[in-house]
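What follows is a single structure, written as structure tokens, with notes after it.
Read-outs throughout are calculated quantities, based only on the coordinates presented, and are distinct from any laboratory measurement. What you see is a predicted model, and the numbers here were worked out from it, not measured in a lab. Neighbour counts run over all protein chains shown; Cβ positions are idealised from the backbone, glycine included.
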Amino acid sequence: MIDADEPAAPTILYAGTRPPPRPRRRLSGDNRSLMIGVLLAIAAIVIAGTIVAAMLAVRGYQVYRDGRRQEPAAPPQVIGARLKKAAEVASPRVLKKGFVPAAPIGDQGSWFPSDAYPAEARRRGEEGRVSVLLAIDAQGRVAGCTVMTSSGSAILDEQTCALARRNARFSPARQDGVAVGATYRMRGVRWALDPAASQRMEVGQAPRFLVDQVIEVAVTPEGAVSGCKVVRQGTPSGDPCASAPIGRKLFAPPVRDGRPTTARVRLASRMLLLPAR
């Protein structure tokens, strides 16, 4: 027993001596069992997490694989993309042998009478040019309509398709003499509130091009137009390919070494308005 009034005797270490080793603590039986239980629980959680992650990965791969195998049905909005895809038949290299494209019956201008101008578009002062792609069934009727080039007015775009469905008639396309469904691109349906205004020539102080455009037309062995692309478009701002509708026979049948062949024709249009002297 140490007296509180007397300080405890200090421990003196001499040179060359080491302090006595401390005794090691050993886990008692209860603590050792607790530690082993904790380690086993952690290992079980890690193993279970690994198994769950592997199952989710396998399930995700199965869903991805099944999605690749089964193509979902296209919603109605995709019909426009399908029609654009079908428009590739305009290329002479895509046209099948023995295929005759659909051809319009009668004057296309009669399909769009002047009194069909939408009242709401007239009130808003909306004008523009619309280009549409029509799906033609085997009976020559319009089965679908997609706007390819918008007029900038949703009302005029919708009216163009409505009138085309109602009034347009075609000789159906034929494959080896059998009527089949096909597509037909209508170019340049012009909606103008004052048609005469677009025909006026405003004379200025300097020369001005009224028309300055170049198109390249693909021609079938029969001399019909099978495709058209714009090489240069200056003025007017409409569709230069409207003058070369697909399916219309505008040229003599091209030949090479006496045999029918496809060809390309480049058409340039320029009209310069000069000031009065």
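Values for this structure:
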{"item": "Extension gain, Asn167 back to Val231 (0.36 nm per residue minus Cα-Cα distance, nm)", "result": "19.8 nm"}
{"item": "FRET efficiency estimate (nearest 0.05) - Cβ-Cβ, Arg65 to Thr261, R0 41 angstrom", "result": "0.30"}
{"item": "Phe209 paired with Ile47, simple spin-label distance in nm, labels 7 Å along Cα-to-beta-carbon", "result": "8.1 nm"}
{"item": "Nitroxide proxy distance, nm - points 7 Å out along Cα→Cβ at Glu158 and Phe251", "result": "4.1 nm"}
